[in-house]
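One structure below.
The values are calculated or read from the model by the stated rules, or taken from the named source; none is laboratory data. As the structure is a prediction and not an experimental result, all values here were calculated from the model. Methodologically, a virtual Cβ is constructed for each residue, glycine included, from the backbone with ideal geometry; neighbour enumeration extends over all protein chains shown.
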Amino acid sequence: MYLTREEEAILSGEHGPEYQKAMKVLVKLGEALGAERLVKVVHAHISGISYQNIGDAGLEFLEEYSKVKVRTYTTSNPLGFDMNLWREMGIPEEFYAKQLRIVKALRRMGVNETFTCTPYYIRKPLVGEHLAWGESNAVLYANSACGARTNREGGPSTVFAALIGKVPYMGVHVDENRVPQVLIKVNAPLRDQLYAGILGYIVGTYVKDKVPLIRNIGKITDDMVKALCAGLGTSSSTPLCFLENISPEIPKMKLKYSELEKAEIDAQSFKDVIETYETLDSADTVFLGCPHLSYGEIMEVYRYIGKYDRKAKTPIILVTSRKVFEEIPPYVKLLFEKKNIKLIRDTCFVVSPLKYLGIRKVLTNSIKQAHYLSNIHGVKVGLCETRKCIGIAFGER
Amino acid sequence: MEFKGRGLVEGYAEGIALVSKEPISFLGDIDPKTGTIIRKDHELYGLTVKDKVFVFPYGKGSTVGSYIIYRLRKNNVAPKAILNVRSDPVVIIGCVISDIPLVDMLSEKFFKKIRSGDKVIVDAYKGVVRILK
């Protein structure tokens, strides 16, 4: 692999052992996977920072590398719980203490304490920018909706990329790999985030590691694009998809549609996915916020619950980033409190020690959340449209 | 017998082989405190990777696996070397940060020949592995 003089110096240890190791990781990955050089990234997003996921192994590693600073703008994925509500969430002292050590290690490294799976709400990537992002929904959103470039980095590789501020120039960083391989036509209306997410999930199951171009999705909202990316990331390993009328690179592509593999998706496929989950007309929790809710999504819930003059019978949990949390007006938070709606931040149930929270039956609009809650945590999950989730929480049938 | 592969992480090691026909997920399959293989339905259940030349086709599963390899090394229960058909990023990163010699792309013949308990010498500078028996 070609290295600049400065990269060589880092590799030979001139910047200390941590940077040396980080550079060696990037070089070895690049050599093993066929990269000719490294490329600068403008934004790294570190995934795998919940103590629930990385345990003592990850904690010790991050502490050891926290002697040095990141060399590019860096954000961080969700934690195991809301840092302000850990006692209320029933998190044991020891778990809290270890999660706090991880947070402090990241702080010493100069990582921004965003604790969200939606780094694109923190800093929206521009077309053509190179990134080093972990977290599959974010990777797909950056590549597909923004036209930026990032491979699906794993937790550890995001740390090394952040320390050096570079990644091996390979995968979807390279033009030649940013072309669709499968043409998908959707023959069903996408009514809300539920359906957009399921579409992504179905497409991902079909394409696995290939790049799809999805057509006939109409005018879907940005929130639905996010849901689609999350669903696609759950069932596939592809880092990139092209969405008709959305992906900025499409107008410049010379496509030969006749040469692409083709598939169609009809309404029945959506029903089939929903039916693999429980039919719940009651639940102990209604969950919205996978991926983390946007400002607009939270305000939509606020406007929708205006029609109920009572409290929700089932608690509704809304999850978002601390950035969006701060932007929500106090009167909205006040109404949520009165209506048995909890707005929480910093976390995600998938990486949360759910056993302490006493959650058994969840209703959600997110296929990604449904998939991981039932697979990892053994929780019963039902899938509903956003408004129906809210309606059921308020006792509607 | 000598086999040529690709040296990914440099180093030199001599030790007894522990061979898994199945891919390994370091997170979940191996206890980072003892190096013992803890997945009940694994063919090597109950054995330890400590000081072994650990041979498996490729890594799978969570990227947290890299941190597990690192912790094995910190706890002095890491393998002396790792040999793969094809190394994946989880294993490559784990071996780089833990200074564990890593060789991949060894021939099919090698994987047919090698058995748990064989004595092997690994020269990961050159990507050469010798089975001494």
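Filter the range B:69-124 for residues that are within 14 Å of chain A (Cβ to nearest Cβ) and of a type in the set (Val, Ile, Thr) and give the result.
Listed by number, the residues that qualify are B:69, B:77, B:82, B:85, B:90, B:91, B:92, B:93, B:96, B:97, B:100, B:103.
Could you tell me whether the range A:156-164 includes any residue that is hydroxyl-bearing (Ser, Thr, Tyr), crowded, with 23+ Cβ neighbours inside 10 Å and assigned by TED's automatic domain parsing to the domain that holds residue A:30?
Going residue by residue through the range A:156-164, those that are hydroxyl-bearing (Ser, Thr, Tyr) are A:157-158.
Among the residues that remain, those that are also crowded, with 23+ Cβ neighbours inside 10 Å are: A:157-158.
Pick out the ones that are also assigned by TED's automatic domain parsing to the domain that holds residue A:30 and you get A:157-158.
Checking the range A:156-164: at least one residue is hydroxyl-bearing (Ser, Thr, Tyr), crowded, with 23+ Cβ neighbours inside 10 Å and assigned by TED's automatic domain parsing to the domain that holds residue A:30.
What pairs can you find where one residue is in the range A:101-118 and among the aromatic types (Phe, Trp, Tyr), the other is assigned to a helix (DSSP H, G or I), and their Cβ atoms are less than 9 Å apart, with a gap of 6+ or different chains?
Within 9 Å, the pairs are A:115/A:103; A:115/A:322.
For the range A:355-388, name all the residues that are out of contact with any Asp or Glu (no Cβ under 7 Å at 6 or more places or on another chain), surrounded by fewer than 20 Cβ atoms within 10 Å (Cβ to Cβ) and of a type outside the set (Gly, Ala, Ser). Outline the logic, then answer.
If we filter the range A:355-388 for residues that are out of contact with any Asp or Glu (no Cβ under 7 Å at 6 or more places or on another chain), which is where we start, we get A:355-358, A:362-364, A:366-379, A:383-384, A:387-388.
Next cut, surrounded by fewer than 20 Cβ atoms within 10 Å (Cβ to Cβ) only: A:355-358, A:372, A:374-378, A:387-388.
Correct list: A:355, A:356, A:357, A:372, A:375, A:376, A:377, A:387, A:388.
Within the range A:259-269, can one find any residue that is part of a helix (DSSP H, G or I), modelled with pLDDT of 95 or more and over 14 Å from residue A:206 (Cβ atoms)? Show your work before the answer.
The initial filter retains those residues of the range A:259-269 that are part of a helix (DSSP H, G or I), namely A:259, A:267-269.
Pick out the ones that are also modelled with pLDDT of 95 or more and you get A:267-269.
After this cut, where a residue has to be over 14 Å from residue A:206 (Cβ atoms) as well, the list is A:267-268.
Yes, that holds for at least one residue.
Which of the residues belonging to the range A:9-57 are of a type in the set (Asp, Glu) and within 9 Å of chain B (Cβ to nearest Cβ)? Lay out the reasoning, then the answer.
In the first step, residues of the range A:9-57 are kept if they are of a type in the set (Asp, Glu); the result is A:14, A:18, A:31, A:36, A:56.
Correct list: A:31, A:56.
Could you identify the single residue in A:183, A:228 that is assigned to a strand (DSSP E or B) and on the phi < 0 side of the Ramachandran plot? Spell out how you get there, then give the answer.
Values: A:228 fails: assigned to a strand (DSSP E or B).
Of A:183, A:228, the one residue that is assigned to a strand (DSSP E or B) and on the phi < 0 side of the Ramachandran plot is A:183.
What pairs come up if the first residue lies in the range A:259-284 and is exposed (fewer than 14 other Cβ atoms within 10 Å of the Cβ), the second is modelled with pLDDT of 95 or more and charged (D, E, K, R), and their beta carbons are under 7 Å apart, counting only those six or more places apart or on different chains?
A:264/A:185
Is there a residue being of a type in the set (Phe, Trp, Tyr) and either outside any helix (DSSP H, G or I) or more than 11 Å from chain A (Cβ to nearest Cβ) (or both) anywhere in the range B:55-62? Spell out how you get there, then give the answer.
At the first step, the residues of the range B:55-62 found to be of a type in the set (Phe, Trp, Tyr) are B:56, B:58.
If we keep only those that are either outside any helix (DSSP H, G or I) or more than 11 Å from chain A (Cβ to nearest Cβ) (or both) too, we end up with B:56, B:58.
For the range B:55-62, residues of a type in the set (Phe, Trp, Tyr) and either outside any helix (DSSP H, G or I) or more than 11 Å from chain A (Cβ to nearest Cβ) (or both): present.
Determine whether residue A:239 is farther than 30 Å from residue A:397 by Cα, in contact with a helix residue (DSSP H, G or I) (Cβ under 9 Å, 6 or more places away or on another chain) and either at pLDDT below 95 or surrounded by 13 or more Cβ atoms within 10 Å (Cβ to Cβ) (or both). Quick ask: steps written out before the conclusion?
Values: farther than 30 Å from residue A:397 by Cα: yes; in contact with a helix residue (DSSP H, G or I) (Cβ under 9 Å, 6 or more places away or on another chain): yes; either at pLDDT below 95 or surrounded by 13 or more Cβ atoms within 10 Å (Cβ to Cβ) (or both): yes.
Against the criterion (farther than 30 Å from residue A:397 by Cα, in contact with a helix residue (DSSP H, G or I) (Cβ under 9 Å, 6 or more places away or on another chain) and either at pLDDT below 95 or surrounded by 13 or more Cβ atoms within 10 Å (Cβ to Cβ) (or both)), residue A:239 qualifies.
More than 10 Å from every other protein chain (Cβ to nearest Cβ) and either surrounded by fewer than 22 Cβ atoms within 10 Å (Cβ to Cβ) or assigned to a helix (DSSP H, G or I) (or both), is that true of residue B:39?
Numbers: more than 10 Å from every other protein chain (Cβ to nearest Cβ): yes; either surrounded by fewer than 22 Cβ atoms within 10 Å (Cβ to Cβ) or assigned to a helix (DSSP H, G or I) (or both): yes.
So residue B:39 fits the description; yes.
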